[in-house]
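Colleague: A single structure is presented below for examination.
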Amino acid sequence: MKALRNYLDKIKPHFQEGGKLHAFHSLFDGFETFIFVPDTTSTSGAHIHDSADSKRLMSFVVISLIPALLFGMYNVGYQHYIHAVGELGTFWEMFGYGFLAVLPKIVVSYGVGLGIEFIIAQWKKEEIQEGFLVSGILIPMIVPVDCPLWMLALATGFAVIFAKEIFGGTGMNIFNVALVTRAFLFFAYPTKMSGDSVWVSSESIFGLGKTVDGLTVATPLGIASTGTADQVPAFTMDMVTGLIPGSIAETSVIAILIGAVILLITGIASWKIMFSVFVGGAFMGIVFNQFGPDTAMAHMPWYEHLALGGFCFGAVFMATDPVTSARTETGKYIFGFLIGIMAIVIRVLNPGYPEGMMLAILLMNIFAPLIDYYVVQSNISARVKRAINSNN
């Protein structure tokens, strides 16, 4: 590392003002500060007395996502071999197939997103913002494996520009960037984000797997969205392990739990939001079990609701986004609880969209500042009341 530090110090003048590579200053700065702790300090205002800058916090989030991503790659291959080939391959055949299917999506996501951020950083003469380090890996994890790369590129570009940079960049956006990408895809190209033909890859990749025409496989939520009360999908351990069709990295409760533990141990994510999302979802699931319509979705057990779709993934990695969630301690409970409620309400009452988590989080992103406002005002009113009573 010392040799790398010396090399960067040697070439750094070329990227500074007046250097022959000044046009790439933002790119160099982003790489340098990602590898090494920045050696600059503020001269006025707030000072941060910690080496764990935002880039390193984002790095921990990416690390927490790796278990779900790796399992998602394996499951992509597993689903392909089960439904397209008709028999299981070896572990490495299935994982290799999934790796080759998912990798291009990761490359496109980072390539488009970071490319736009690089251009904007150069134009504004600022450093590359680190927020897309997380968004870039989240985006390919929450889409179906059959989503075309050009659609993913278009949606990523839209989200980075209109959900992030237009608000001022990292830390200023009011909506979760990855979810805006998914929402754009869902509403612009619904046939590539829902239905029975997008969850399992049907193409052979570099000799792995088998090409099959017209392959259709429904997710458990898709089945429940069209069934009656006596057609609730039976709960199985596959719903926990994640060996079911679904978005690339949203299916495994176990892998997501590992990520949640990492986020909580490092103190990056709020346990209050995570906990309240699950409480809200369980509460609304029980309510619909007792008073809901005569549909499979309404009569699905509350624990099955929590295990299926993007509920766990959204609760752990999306709802806890510190930029777009509530920031007051009481507000975090309210914010998470309402997300859980809204996710189940959307699932049950909107058969055309059996997921629900994406819209629930985006909706509560809008109300997060309002929740914080009323929590703060309530505290102020309580303190004023106590002050008045103490003076009487």
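The values are calculated or read from the model by the stated rules, or taken from the named source; none is laboratory data. Computed from a predicted model, the values in this text were never measured in an experiment. Positions of Cβ are generated from backbone atoms using ideal geometry, with glycine treated the same way; all protein chains shown enter the neighbour counts. Surface areas here come from the heavy atoms of the whole protein model, side chains and all, with no ligands, DNA or RNA. Shrake-Rupley method; radii C 1.70, N 1.55, O 1.52, S 1.80 Å.
Colleague: Restricting attention to the range 271-289, which residues are open to solvent by less than 10 Å² (accessible area, probe 1.4 Å) and among the aliphatic types (A, V, I, L, M)? It would help to see each step written out before you state the result.
Modeller: Start the filter on the range 271-289 by keeping residues that are open to solvent by less than 10 Å² (accessible area, probe 1.4 Å), which leaves 273, 276-277, 280-281, 285.
Selection gives Ile273, Val277.
Colleague: Would you mind stating whether Ser247 is among the hydroxyl-bearing types (Ser, Thr, Tyr), part of a helix (DSSP H, G or I) and surrounded by 21 or more Cβ atoms within 10 Å (Cβ to Cβ)? Steps first, answer last, please.
Modeller: On the way: among the hydroxyl-bearing types (Ser, Thr, Tyr): yes; part of a helix (DSSP H, G or I): no; surrounded by 21 or more Cβ atoms within 10 Å (Cβ to Cβ): yes.
Judged against the criteria, Ser247 is not a match.
Colleague: Shifting gears a bit: Does the range 319-347 hold any residues that are open to solvent by less than 10 Å² (accessible area, probe 1.4 Å), of a type in the set (A, V, I, L, M, F, W, C) and outside any loop (DSSP other than H, G, I, E, B), and which are they?
Modeller: Result: Phe335, Ile339, Ala343, Ile344.
Colleague: Return the pair list, or none, for Cβ contacts closer than 9 Å from residues in the range 189-200 that are free of Cβ contacts under 8 Å to residues at least 24 places away in the same chain to residues that are open to solvent by less than 50 Å² (accessible area, probe 1.4 Å) and not basic (Lys, Arg), at least 6 apart or on different chains.
Modeller: Thr191/Val198
Colleague: Just for the range 251-263: of the residues that are under 27 Å from Thr295 (Cβ atoms) and either of a type in the set (A, V, I, L, M, F, W, C) or open to solvent by 20 Å² or more (accessible area, probe 1.4 Å) (or both), which one is farthest from the chain's Cα centre (by Cα)?
Modeller: Quick first cut of the range 251-263, residues under 27 Å from Thr295 (Cβ atoms) only: 251-253, 256.
Next, only the ones that are either of a type in the set (A, V, I, L, M, F, W, C) or open to solvent by 20 Å² or more (accessible area, probe 1.4 Å) (or both) stay: 253, 256.
Details: Val253: 15, Ile256: 11 Å.
Applying the filter and picking the extreme gives Val253.
Colleague: Which condition does Val316 not pass, out of (1) assigned to a helix (DSSP H, G or I); (2) more than 22 Å from the chain's Cα centre (by Cα), if it passes all the others?
Modeller: Condition (2) is where Val316 drops out.
Colleague: Identify all residues within the range 178-207 that are of a type outside the set (Gly, Ala, Ser) and open to solvent by less than 40 Å² (accessible area, probe 1.4 Å); write none if there are none.
Modeller: Passing the criteria: Leu179, Val180, Thr181, Arg182, Leu185, Phe186, Met193, Val198, Trp199, Val200, Ile205.
Colleague: With respect to the numbered conditions (1) in contact with a helix residue (DSSP H, G or I) (Cβ under 8 Å, 6 or more places away or on another chain); (2) open to solvent by 50 Å² or more (accessible area, probe 1.4 Å), which one is the sole condition not fulfilled by Gly214?
Modeller: So Gly214 meets the others, but not (1).
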